1. Can you compute the modelled spin-label distance between residue 105 and residue 63, with each label point 7 Å from Cα toward Cβ, in nm?
2. Round to the nearest 0.05 the FRET efficiency obtained for residue 200 and residue 230 when R0 = 30 Å and r is the Cβ-Cβ distance.
3. With loop defined by DSSP as not H, G, I, E or B, and exposure as at most 15 other Cβ atoms within 10 Å, which is the longest segment of the chain clear of exposed trypsin sites (Lys or Arg not before Pro)?
4. Would you pull out the residues with amide H under 5 Å of residue 31's amide H, same chain only if 5 or more places away, H placed 1.01 Å from N?
5. Report, for segment 22-239, the % of DSSP beta bridges that are antiparallel, rounded to 5.
6. Number of Lys-Lys pairs in segment 22-239 under 25 Å by Cα, sequence gap 8 or more or different chains?
7. Run the numbers on segment 22-239 and let me know its relative contact order in percent, using alpha-carbon pairs under 8 Å that are six or more apart.
8. What does the net charge come to around residue 87 if you take all other residues with beta carbon closer than 10 Å to its beta carbon, with K and R at +1 and D and E at -1?
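Readers should treat all values here as calculations from the given coordinates under stated rules, not as data from a laboratory. If you're wondering where the values come from, they're calculated on a predicted model, not measured in any experiment. Positions of Cβ are backbone-derived with ideal geometry, glycine not excepted, and every protein chain shown enters the neighbour counts.
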Amino acid sequence: MGVFDDLQAGLDTIGGFDVNDGADYYVDIVMCIDATGSMSPIIEEVKANAMAFCEKFHEEMDANGKNVAGLRIKVIPFRDYACDGTAAMDQSEFFVLPEQNEEFRSYVMGIRAAGGGDEPENALEAMALAMRSAWTTDGVKQRHVILMLTDASAVPLGDPFRTSSPSYPKDMPASLAELYGMWEDMPSKNSARLVLFAPEAYPWTDLMDWNNVWACFCQPGGGLGELDFDMITQVLVSAV
């Protein structure tokens, strides 16, 4: 099933990083979640897995000899500015887990699958917001991870039909090249990771040329029915 299948045999050496170094890791994860209507069949499963993620992530990190000294998770639900206006994008603050489990749970439970119209969606704007997060600077080994969960292609940045919306942010990159520049300007090239669960379509296939990117290509418009959070957790831990 896409690129994740090719990683099964080498999860312990993704990106060439040692996995049993015994170091303390400070990990920030931003979950960009497609909250459009096509996600209705599986949005509750996505939410349930997101809320259970902290425990699974700690267990998998421990199993790989990686000590999590700090874990924070931020959530960005996204839709389409042309169809949804002010409801097209939202973002939480970072939740410190497990200390803020209840606040995290409350935010995630409030996500509803609605709107979006037809493909594509404003997923790249969600990525831009994720890149501008107030990433952790704690410790020696920071990891800044963006997890994209979508069953749709993305609107090209700078699309006039979206940028003309009064709700469209004024400081968004105007092209995929500009977004790549933001990716290269992340706090540390060694700490940034991008994990995609998305269709084999624009722009996700283009992003495979970026540094530190891993992907599982799913069926477009299928509501992420193939979503495997256990596999995603394994890939995230190996990439960290």
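1. For the pair residue 105/residue 63, the computed spacing is 2.4 nm.
2. On the way: r = 22 Å, r/R0 = 0.72.
My answer for the efficiency is 0.90.
3. Numbers: sites that count: 112, 132, 170, 189.
No qualifying site falls inside 1-111, the longest such stretch.
4. For residue 31, the qualifying residues are 74, 75, 76, 147.
5. Values: 4 of 37 bridges.
Beta bridges within segment 22-239, antiparallel portion: roughly 10 percent.
6. The number of close lysine pairs in segment 22-239 is 12.
7. Working: 408 pairs, mean separation 57.3, N = 218.
Worked out over segment 22-239, it gives 26 percent.
8. Values: positive: 79, 112; negative: 80, 84, 90.
Overall, the nearby charge balance is -1.
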